[in-house]
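The values are calculated or read from the model by the stated rules, or taken from the named source; none is laboratory data. Predicted, not measured: the structure shown is a model, and the values here were computed from it. Please note: Cβ atoms are built from the backbone with ideal geometry, for glycine as well, and neighbour counts cover all protein chains shown. Heads up: the accessible areas ignore ligands, DNA and RNA and are worked out on the full protein's heavy atoms, side chains in. Shrake-Rupley method; radii C 1.70, N 1.55, O 1.52, S 1.80 Å.
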Amino acid sequence: MERCSERTFRYLEESGDRQDNPDWGEGEAIIVVQGLLSSEPLYEDSVQTYMQFLNLAKAYRDAMPEGTVEVQGVFGEDAANTLTSINSYALKKEIVTVYIIAHGDTDAVKLGGVWHFAWQFSTVFTSYPLTEFNFLLGSCHSGSFVDDLNTIDNMRTVLTACREQEGASSDMDQRYSLVSPYELMNDFNSTDVGSEWTSSIVEGAIGILNDSTQFTLVRADSVIYNVPVISMLFCKAHLAALGNWTPYYTDNLDLSNRIGKSVPQKYCSWE
């Protein structure tokens, strides 16, 4: 069982149910991007994935003080302007979170029919040193972005669906293990749709938001480590998705990971 630090317990005792986390006074934005065109493979899966994460973003917005969080959906052809959206929000917000579902390659992601490269995102993020960023990428080969972004001083969290050499997966409900070919595995969250990784992250994050004890722990750790609440939320959601946040989450919800197809990657600046 994960033990809370002494400082976390002190925070819980002093704060009770109050909602006065200092990060909650900062303006923040969540940009949710669906980069596929209707003519591209897996378009319907991508749309379902986009809707899942968009609903998560709205749930997080509702859990925060009114007016603190702004959510923007960027869809299809408009995804070609993703960097413009990031620039626009970074000029006026202190925290910007970007989630992208699209086709990808090493150090690249295709948005609205246009390839965007990791160095372009890195250039934008480093141009706003007073803004804190989170970046989540559900594409194939998405792990290649981690090394491009984890040296940026104001990058708080980078989560990806897989390692650089791996592919991301659409929804799986039952698959044979690639490690033990005769072992048939069932998905623990078989009602999910869209991206196997994203649905797992979303389920973990929603579970945390809906549980006052878990969300209070997230808020407490965000104070202790001096990072935005949303950064800590996604760090814990990553652990929850893979069944690594005991005692709350012990089942690995990402069947693509369980069968040995992909390994989600995580960078958190405070770890």
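Here segment 54-162 is treated as a sphere whose radius is the Kirkwood value from Cα pairs; by Stokes-Einstein at 20 °C and 1.002 mPa s it diffuses with a coefficient of 150 µm²/s.
How would 197, 115 rank on accessible area, largest to smallest, probe 1.4 Å?
Values: 197 10, 115 105 Å².
Listed by decreasing accessible area, they come as 115, 197.
Of the listed values [x] 145; [y] 131; [z] 117, grab the one calculated as volume of the Cα convex hull per residue in Å³ from the structure here. Given [x] 145; [y] 131; [z] 117, the structure-derived one carries the label [z].
Quick check on segment 189-271: take the gyration tensor over C-alpha atoms, sort the square-rooted eigenvalues as a ≥ b ≥ c, and tell me if it's rounded (a/c under 1.5), prolate or oblate. The partial results should precede the final answer.
On the way: a/c = 2.17, a/b = 1.60, b/c = 1.36.
Because a/c hits 1.5 or more and a/b exceeds b/c, segment 189-271 counts as prolate.
Looking only at the chain, where both bridge partners belong to it, what percent of the DSSP beta bridges are antiparallel (to the nearest 5)?
Working: 16 of 41 bridges.
About 40 percent, rounded to the nearest 5.
Past the 22 Å Cα-Cα mark, which pairs from 92/236; 236/266; 58/92; 58/93? Result: 92/236 exceed 22 Å.
Taking the DSSP bridge list for segment 109-175 and keeping only pairs wholly inside it, about 40 percent are antiparallel.
Evaluated at q = 0.26 Å⁻¹, a Debye calculation over the C-alpha positions of segment 109-148 (equal weights, vacuum) places log10 I(q)/I(0) at -1.03. Note on segment 155-195 and segment 196-271: Cα centroid distance 16 Å, given to the nearest whole angstrom.
Could you give the size of the charge dipole of the chain about its Cα centre, using +1 on the Cβ of each K and R and -1 on the Cβ of each D and E, expressed in debye and rounded to the nearest 20?
Details: 17 positive and 38 negative charges, 51 e Å.
Charge dipole, the chain, about its Cα centre: 240 debye, nearest 20.
If you roll a 1.4 angstrom probe over the protein chains with everything in place, what fraction of the accessible area of the chain belongs to carbon and sulfur, to the nearest %?
Looking at the chain in its full context, I get 47 percent from C and S.
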